[in-house]
1. Among the strands (runs of 3 or more DSSP E) lying completely within region 280-348, list those that include at least 2 residues that are touching a residue at least 60 places away in the same chain (Cβ under 8 Å) and not aliphatic (A, V, I, L, M).
2. Of everything in region 287-297, what is buried (at least 19 other Cβ atoms within 10 Å of the Cβ) and of a type in the set (Ser, Thr, Tyr)? Give them in sequence order.
3. Determine which member of the set Tyr328, Tyr306 is touching a helix residue (DSSP H, G or I) at 6+ places or on another chain (Cβ under 6 Å) and within 24 Å of Asp172 (Cα to Cα).
4. Using beta carbons and a limit of 6 Å, which pairs, at least six apart or on different chains, have the first residue in region 74-96 and in a loop (DSSP other than H, G, I, E, B) and open to solvent by 40 Å² or more (accessible area, probe 1.4 Å) and the second one at pLDDT below 90 and among the hydrophobic types (A, V, I, L, M, F, W, C)?
5. In this structure, is Ser490 under 30 Å from Lys48 (Cα atoms) and polar (S, T, N, Q)?
6. Considering only region 474-483, I want to know if a residue exists there that is farther than 24 Å from Ala307 by Cβ, surrounded by fewer than 19 Cβ atoms within 10 Å (Cβ to Cβ) and not acidic (Asp, Glu).
7. In a helix (DSSP H, G or I), open to solvent by less than 60 Å² (accessible area, probe 1.4 Å) and free of Cβ contacts under 8 Å to residues at least 40 places away in the same chain: which single residue out of Ala378, Ala412 fits that description?
8. State which residue is nearest to Arg514 (Cα to Cα) when the search covers only region 476-501 and only residues that are of a type outside the set (A, V, I, L, M) and in a loop (DSSP other than H, G, I, E, B).
Amino acid sequence: MNKSAVAASCGRIVVDSGYVTEDSISKALARQLRAEFVDLKSFDPDSKLIKLLPESHARRFRALVLSETEGKLVVGFADPTDFQVFDEVTRLLKREIDLAVVSESQLLGAIDRLYHRTEEIRGLAKELTADLSDGVGELGDVLGLSEGQEDAPVVKLLQTVFDEALRRRASDIHIEPLEKSLRIRFRIDGVLHVQTESDAKIATALALRLKLMAGLDISEKRLPQDGRFAVKMRNGSIDVRMSTMPTQYGESVVMRLLNQSTGLLGLEKLHMPPAVLERLRKAISRPSGMVLVTGPTGSGKTTTLYAALNELNSTEKKIITVEDPVEYRLPGLNQVQVHEKIDLSFSRVLRSALRQDPDIVLVGEMRDQETAEIGMRAAMTGHLVLSTLHTNDALSTPIRLLDMGVARYMVALSVNLVLAQRLVRVICPNCSTAHAADPHEREWLKQELHDAVDTHVYHRGSGCAHCNSTGYQGRTAVYEMLEMTTDIVSAINQTDPNAFVNAARKQMNGNTLRRDAVQLVLSGRTTIEEAMRVSAQIDE
């Protein structure tokens, strides 16, 4: 082992032991070598310069091209004492370079952020197109249908797409056949981004391979199909929920990525307002009753419910979930997947679940009157029932249940609490800057802040390499809550809907989704534009 490797090993030991930080060692090395230390958390490299050193070499040599000064390339090294690596990087770049020091963890994170594998995906798509056009080998070899076919073109392409989607924190992958091309898009923080466009010829091969992975009928191209499969990744595996739909130019495929390696969040990590969190915990600690989480698809309802189940889960309680599909796997739970094709419906499973002597039941969604009534009877007979409903806000949820045909007394006696939520994008902390509200934004803010609009400082993200130039990084939720107090129960039992609306508004006291979104704006966590977007969805 050379001196450089020994030094690196010793450095890693003292960092892992907690005696010093990684940044401290990197800064000390920079001072010793009279080199610059670059903090990659606040540094925004030039994307064109980054590509001068291929990703494979960047990872192998722990090096990153940072900038260009007076004709020289400034290259950050995690181990600046390894002169063999320095010489090899100089040879690869064919330029004179200046050495800079960066911490290894920051460098690896930067590589994951900055090296988008668009070119690699496009190259693999071209390779697959060529194989299909030239008729090279059997179709089964091209699609990787045999054992040991991991190098088949379509397998490599899909594995690269999944890897890149996971690295970019995508929640969904959309594979869409168009008239003259195949478009692949990622949904990141709720917004779709085009990853690449390829030859339309490979659309059928991709759809066929994915349907095989999900165990779907490959001969059926006229009807939509749903399936599920797991993909092995470097850091574990991800569950994939897949949906196909026939379109004008072929089968559209959408895949929801469920990363099981990230683990479940606890309620305290959902960033609920303290008053909301306290009341929710009180509601789920009751032995019976129903707690409903509402909002549109993709608003984080299941995440909230599983955070609650994670807190309630113990060997002393029997918990049964009835879902379509099962999104999270939590040890100790009895989780049932609904299967409508064999008449394994929500209502049928729920009836059987109640004969299994459960303490807590989670119903994935109140889809119809029958399911809602079974769940509410369970809530009235000694079970805690958690479920979701698609409504715009908390106030409209009891009214929606009545519209479904559920009896007033059942809604009044079974529902303990309604939590409505939406997801909003969070400003990237690396490029957050002050923002002056325009006249339209000021008028919107006045609805909550009144004359105090000009006393606050607002922020937005300018866009950087950390957030793919979007200005946002990650999402958080906004909440509103309706508790079924005595006054609310009394109002529900009246035939006058205005009585309930007035009682509910009085109980909520203005603590709405809109107000929670404005609070995130004032704390600098999200933008006025994002808060307005979410509020527009609520007001529809």
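The values are calculated or read from the model by the stated rules, or taken from the named source; none is laboratory data. This structure is a prediction, so every number in the text was calculated from the model and none was measured. Here Cβ is always computed from backbone atoms with ideal geometry, including for glycine, and neighbour counts include all displayed protein chains. For accessibility, only protein heavy atoms count, side chains too; no ligands or nucleic acids. Shrake-Rupley method; radii C 1.70, N 1.55, O 1.52, S 1.80 Å.
1. Values: elements: 289-294, 319-323, 334-337.
The qualifying strands (runs of 3 or more DSSP E) are 289-294.
2. Answer for region 287-297, where residues must be buried (at least 19 other Cβ atoms within 10 Å of the Cβ) and of a type in the set (Ser, Thr, Tyr): just Thr294.
3. Tyr328
4. That search, which allows pairs on different chains as well, returns Asp79/Ala8; Thr81/Ala7.
5. No; evaluated as a whole, the condition is false for this residue.
6. Residues of region 474-483 that are farther than 24 Å from Ala307 by Cβ, as a first pass: none.
Looking for residues that are farther than 24 Å from Ala307 by Cβ, surrounded by fewer than 19 Cβ atoms within 10 Å (Cβ to Cβ) and not acidic (Asp, Glu), one finds none in region 474-483, hence no.
7. Ala378
8. Top of the filtered list is Thr485.
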